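The values are calculated or read from the model by the stated rules, or taken from the named source; none is laboratory data. Just so it is clear, the model here is predicted, and its values are computed rather than measured. Cβ: placed from backbone, ideal geometry, glycine included. Neighbour counts: every protein chain shown. Heads up: the accessible areas ignore ligands, DNA and RNA and are worked out on the full protein's heavy atoms, side chains in. Shrake-Rupley method; radii C 1.70, N 1.55, O 1.52, S 1.80 Å.
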Amino acid sequence: MSNPYRQLPAVNQLLSQLPVEEYNHERVVELCRVVLEGARQRIAANGIVPPEQALVDEVKMRLALEHELSLRQVINATGVIIHTNLGRAPLSQAALRAMQAVAGDYSTLEYDLQAGQRGHRDSHIESIIVDVTEAEAALVVNNNAAAVYLALSALAKDREVVISRSELVEIGGGFRIPDVMQQSGTILREVGTTNRTRLDDYEQAINDQTAALMRVHASNFKLIGFTERVELPDMVSLAHQHNLPVLDDLGSGALLDTAPFGLEHEPTVQESIAAEVDLVMFSGDKLLGGPQAGIIVGKRSMVEQLRQFPLTRALRPDKLCLAALAATLRHYRDEDPLATVPVWQMISAALPDLERRAKNYQSALGGEVINGESMVGGGSLPGNALPSRVLALTVSNPDEVASRLRQQSPPVIARIQNDALIFDPRTILNDELFVQTTKQVIR
Ligand SMILES: *Cc1c(COP(=O)(O)O)cnc(C)c1O
């Protein structure tokens, strides 16, 4: 029998079967050598010569892996709709097209076509935000944390902002309202107690150093039991009697009511505007379902004051954000957002549909279709779950299988519950891709 090592192909023979023109030539040669060395070690161990095709495939796989960007697509099977670690809101097709159109060419970002001269980047977005929220004016910044920081810095530096002790919250990722207030140079004037704050408490705190009353939506925890809080309209009328503005950090910025989907009511932007709040701040990539952004809406004079403030320039959104945000808002203004905005498609997904999809997964992957719970997430609606139908796969080592799923391309992120892997169809955006990818690991 001939020397088994001599049956291995030469580097050049592998190269002739590889898409060398797509990659750095030296790197391909290097990987061929690495793969051949691995083959030699296997021959030494068991005497078996791998087929040439297997070696070619291994080099291809290694090349593909090296070319994957670290920030890349994943399949979210967790059932958490606004998953901050997984990039929050996925965008609609229309938003993607809008981004692509301005990304790969020049655009009207700061150009007025009619006048043939410089225009304003805000002009593309303000009117549509105003249409959808019924506010007088709007401004977009990098994210909601920036919006809050900007509003406090521009309107309340070295002066007092009155806020309830129940609203001195931490949002996550280290965003703590008292710290942001301090950083902006605002003097925090806490009133009430952790569980109860009354209108009186605000009134007694107002003095000639007061710049504003602030409300922060408790977006990621619930206060239950012996509690009392001031309704927004009452807070606004008190503030306005004293010629003070109300700043409202709404967090999620829902434009639609969540109650029809069996969830608690999440305060909407329109409600704050109807209550005559002076400035409302919310995220673009939570319940709005758009790109990362901080949206500030409210009274024109105050929005203009923020627009003129020097810090605003450092917080401004880029053209991709503005394009995606305008396209997302258009779904609310001109279409049915439940059918077009992915976050709302997921929230409104019908149980029989989820059941049908989970059954499809089952026929390809095995396991059992059981009742499960999806979450809205993203610091919205704490403790609120949406009933779902999910695929449960019982395997002997769920952690190991979950880890292998994370190494697929695209990676699949699943939940483990009672030693079973849980796949929730609600947040899986492409069933075919999910089944294909998961099949590589399961069976
Ligand atoms: C999420 C949230 C923020 C931070 O918003 P980002 O867009 O993540 O910066 C601030 N305040 C509240 C109440 C929130 O829920």
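Axis angle, to the nearest 10 degrees, between helix 319-334 and the longest C-alpha principal axis of the chain: 70 degrees.
Of all beta bridges that DSSP places with both ends in the stretch 93-337, some 40 percent have antiparallel geometry. Taking the longest Cα principal axis of the chain as reference, the axis of helix 123-133 is set at about 70 degrees. For the chain, the Cβ-based charge dipole about the Cα centre amounts to some 1380 debye (Lys, Arg positive; Asp, Glu negative; other atoms uncharged).
Report, in degrees rounded to the nearest 10, the 0 to 90 angle that the Cα long axis of helix 93-103 makes with the longest principal axis of the chain. Value to nearest ten degrees: 90.
Sorted largest first, the principal axis extents computed over the alpha-carbon atoms of the stretch 349-435 equal 32, 27, 25 Å. Ordering Leu381, Gly185, Phe423 by Cα displacement along the dipole of the chain toward the positive end leaves Phe423 in first place; charges were set at the Cβ atoms of Lys, Arg (+1) and Asp, Glu (-1).
The phi torsions of the stretch 31-43, fed into the Karplus equation with coefficients 6.51, -1.76 and 1.60 and a -60° offset, translate into couplings of 5, 4, 5, 4, 5, 5, 5, x, 5, 4, 5, 5, 4 Hz, rounded to whole numbers, with Gly and Pro shown as x. Compute the Cα gyration tensor for the stretch 193-304, then decide on rounded, prolate or oblate, letting a ≥ b ≥ c be the square roots of its eigenvalues: rounded whenever a/c is under 1.5, prolate when a/b is larger than b/c in the other cases, and oblate in all that remain. Taking the square roots of the gyration eigenvalues as a ≥ b ≥ c, the stretch 193-304 is oblate.
Each part reduced to its alpha carbon centroid, the stretch 361-405 and the stretch 104-179 end up 37 Å apart.
Sorting 298-308, 147-157 by average packing, meaning the other beta carbons within 10 Å per residue, from highest down gives 147-157, 298-308.
Note on Asn418 and Glu373: their simple-model spin labels are 1.3 nm apart, each label 7 Å out from Cα toward Cβ. Between Arg27 and Asn430, the simple label model (points 7 Å from Cα in the Cβ direction) yields a spacing of 2.3 nm.
Highest mean first, what order results for 316-324, 425-433, 64-72 on Cβ atoms within 10 Å? Could the numbers behind the result be given before it?
Numbers: 316-324: 20.3, 425-433: 18.8, 64-72: 8.7.
Per-residue Cβ counts within 10 Å, averaged per peptide and sorted highest first, yield 316-324, 425-433, 64-72.
On the basis of the beta-carbon distance and an R0 of 41 Å, Asn3 and Leu71 show a calculated FRET efficiency of 0.30. Dipole size of the stretch 4-67 about its Cα centre, with +1 on Lys/Arg Cβ and -1 on Asp/Glu Cβ: approximately 300 debye, rounded to the nearest 20. Answer rounded, prolate or oblate for the stretch 142-221, using the Cα gyration tensor with square roots of eigenvalues a ≥ b ≥ c: rounded when a/c is under 1.5, else prolate when a/b is larger than b/c, else oblate. Oblate, because a/c is 1.5 or more while a/b does not exceed b/c. Restricting to the chain, what percent of DSSP beta bridges are antiparallel, rounded to 5? Of those bridges, close to 55 percent are antiparallel. Here the calculated FRET efficiency for Leu199 and Glu264, from their Cβ-Cβ distance with R0 = 25 Å, stands at 0.55, rounded to the nearest 0.05.
Please name which of Pro398, Ala101, Gln305 has its Cα lying farthest along the dipole of the chain towards the positive end, using unit charges on Cβ (Lys, Arg +1; Asp, Glu -1) and the Cα centre as origin. My answer, from the dipole projection, is Pro398. Distance between the pseudo-spin-label points of Leu338 and Ser396 (7 Å out from Cα toward the beta carbon): 4.8 nm. Ranking Asp122, Asp200 by solvent-accessible area of protein heavy atoms (1.4 Å probe, all protein chains present), from largest to smallest, gives Asp200, Asp122. Between the stretch 1-67 and the stretch 218-241, the alpha-carbon centres lie 67 Å apart.
Dipole magnitude for the stretch 1-117: computed about the Cα centre from +1 point charges on Lys and Arg Cβ and -1 point charges on Asp and Glu Cβ, it is near 520 debye. For the peptides 248-259, 165-176, residues were scored by their other Cβ atoms within 10 Å and the scores averaged per peptide; the highest-first order is 248-259, 165-176. Below 10 angstrom from the Cβ of Pro382, what's the summed charge of the other residues (Lys, Arg +1; Asp, Glu -1)? Surrounding charge for Pro382 is 0. In the neighborhood of Gly366, defined by Cβ-to-Cβ distances under 13 Å, what is the net charge if each Lys or Arg adds +1 and each Asp or Glu adds -1? Counting the neighbours of Gly366, the net charge comes to +2.
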